[in-house]
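Encoded as structure tokens, the structure appears first; notes follow it.
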Amino acid sequence: MKPNEATLTTDRLILRPFGISDAEAMFGNWARDPDVVRFLLRKDLSSVDEVREHIGNWMKYFDGLTEKGWDWGLFAIVQKSDGAVIGTIDFAETDREARSAEVAYALGKPWRGRGYMTEALRAVLAHCFEAAGLNRVWATYRPQNPASGKVMANAGMFYEGTFRQSKVRNGERVDTTMYAILKEDWDIQKEIAHYNSLPCEFDGFIDVPVLSDGEIFLVCTEKQPANPEKKYVPGYEFIICKDGEKVGRINLRIGYGGGLYNSNLYYGGQIGYGVDEPFRGNGYAARACRLLLPVAKAHKMNTLLITNNPDNRASMRVCEKLGLTLIRTAPVPKWHDLHKDGDRYSNIYEWQIT
């Protein structure tokens, strides 16, 4: 199916191909609303005929992309509940070699504030990455219209910069702000959503006995409650002991975070460990990780993440000893504590413990 023939659906919306027949709905629902058009980089439209002409020019532009073999899509945003055409959203490939496309949208004022545009944008981004095979999607908005930037951020796009006097609107040079998202970013967000959906039960901390494999043992020293403000899940802290002597520390965080963008644990993992230098090289970290499994299972967790810096060969060997699967090496976002500590990338390992 050609991109311009696709129909996308969300919980509340249908995104179907947009055309000349939608001119009256466009004119009545948003094209003549000054609060909408003042942020669009085109001339104002004052009649249905002008809207038809505008759509016709729109289609000629997209036909030109078709002739070049480039991908595009132009969608009417249709409200499922009553079939009303409440806006448009489109994407157009701008660089074939880079597989990059621009996305743009407009929504009628009566339908704002309901999350419709974020919902539509997420659907189009999924189509761009998973059907059209694009690698980068970008969008711009006028800085005077921060609501549009919020839509982009809520859809998972990232701020890249503000370009001064980069466009012309009604003869005036105006600034534009750019957000963008890569296929890699999209895949990571899908993984975070998957892990955040996994089962976990936490009705309170359990009583943890001394955990031992006959040579080393773990002693629980602290039970840290959740910190919703920092988006921290509850966790257990242990010291690793051998022959009555402390040889290291290990912790277990309970849960996955919840919510698409609560991604602390994706980059930081459920298990963190450190063996004191005089005792390294004896396999204590991997053995300590195995000793934590009954505690994780007591909270109905069947998947754990362990992460490490790609330069930390010792920690990577622990994951290899445990037979973990390396999901990816992900760039650490600037807001994360790991980034503040100097880490720029994090290996994401998955441990299936069922």
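Here are a few things to note about the model shown:
- Scanning the stretch 127-150 for residues that are among the aliphatic types (A, V, I, L, M) and free of Cβ contacts under 8 Å to residues at least 40 places away in the same chain gives a single hit, Ala147.
- Of residues in the stretch 138-156 being among the hydrophobic types (A, V, I, L, M, F, W, C) and in a helix (DSSP H, G or I), the one most open to solvent (accessible area, probe 1.4 Å): Ala147
- Scanning the stretch 157-178 for residues that are buried (at least 16 other Cβ atoms within 10 Å of the Cβ) and small (Gly, Ala, Ser) turns up nothing.
- Residue ranges of strands (runs of 3 or more DSSP E) in the stretch 252-354 with at least 3 members within 25 Å of Cys220 (Cβ to Cβ) and in contact with a helix residue (DSSP H, G or I) (Cβ under 7 Å, 6 or more places away or on another chain): 271-275, 303-308
- Qualifying residue in the stretch 15-24 (condition: touching a residue at least 40 places away in the same chain (Cβ under 8 Å), part of a loop (DSSP other than H, G, I, E, B) and either in contact with a Pro (Cβ under 7 Å, 6 or more places away or on another chain) or open to solvent by 50 Å² or more (accessible area, probe 1.4 Å) (or both)): no
- Qualifying residue in the stretch 175-194 (condition: out of contact with any strand residue (DSSP E or B) (no Cβ under 9 Å at 6 or more places or on another chain) and assigned to a loop (DSSP other than H, G, I, E, B)): no
- For Ile239, the conditions (1) in a loop (DSSP other than H, G, I, E, B); (2) of a type in the set (A, V, I, L, M, F, W, C); (3) modelled with pLDDT of 95 or more all hold with the exception of (1).
- From the options His299, His339, residue that is over 27 Å from Lys183 (Cβ atoms), open to solvent by less than 40 Å² (accessible area, probe 1.4 Å) and either free of Cβ contacts under 8 Å to residues at least 60 places away in the same chain or in contact with a Phe, Trp or Tyr (Cβ under 7 Å, 6 or more places away or on another chain) (or both): His299
- Criterion: hydroxyl-bearing (Ser, Thr, Tyr), touching a residue at least 12 places away in the same chain (Cβ under 8 Å), open to solvent by 60 Å² or more (accessible area, probe 1.4 Å) and farther than 30 Å from His127 by Cα - qualifying residue of Ser197, Ser212: Ser212
- Single unsatisfied condition, Ser166 versus (1) closer than 30 Å to Asn264 by Cα; (2) among the hydroxyl-bearing types (Ser, Thr, Tyr); (3) modelled with pLDDT under 95: (1)
- One residue stands out among those in the stretch 242-263 that are of a type in the set (Ser, Thr, Tyr) and modelled with pLDDT under 85: the one that is most open to solvent (accessible area, probe 1.4 Å), which is Tyr261.
- Matching residues in the stretch 217-236 - criterion: being among the hydrophobic types (A, V, I, L, M, F, W, C), at pLDDT 95 or above and open to solvent by 30 Å² or more (accessible area, probe 1.4 Å): Phe217, Val219, Cys220
- Among (1) farther than 16 Å from Ala288 by Cα; (2) open to solvent by less than 70 Å² (accessible area, probe 1.4 Å); (3) of a type in the set (Lys, Arg) - the single one Lys190 does not satisfy: (2)
The values are calculated or read from the model by the stated rules, or taken from the named source; none is laboratory data. Keep in mind it's a predicted model, so treat the numbers as computed, not measured. Note: ideal-geometry Cβ built from the backbone for every residue, glycine included; neighbour counts use all protein chains shown. For accessibility, only protein heavy atoms count, side chains too; no ligands or nucleic acids. Shrake-Rupley method; radii C 1.70, N 1.55, O 1.52, S 1.80 Å.
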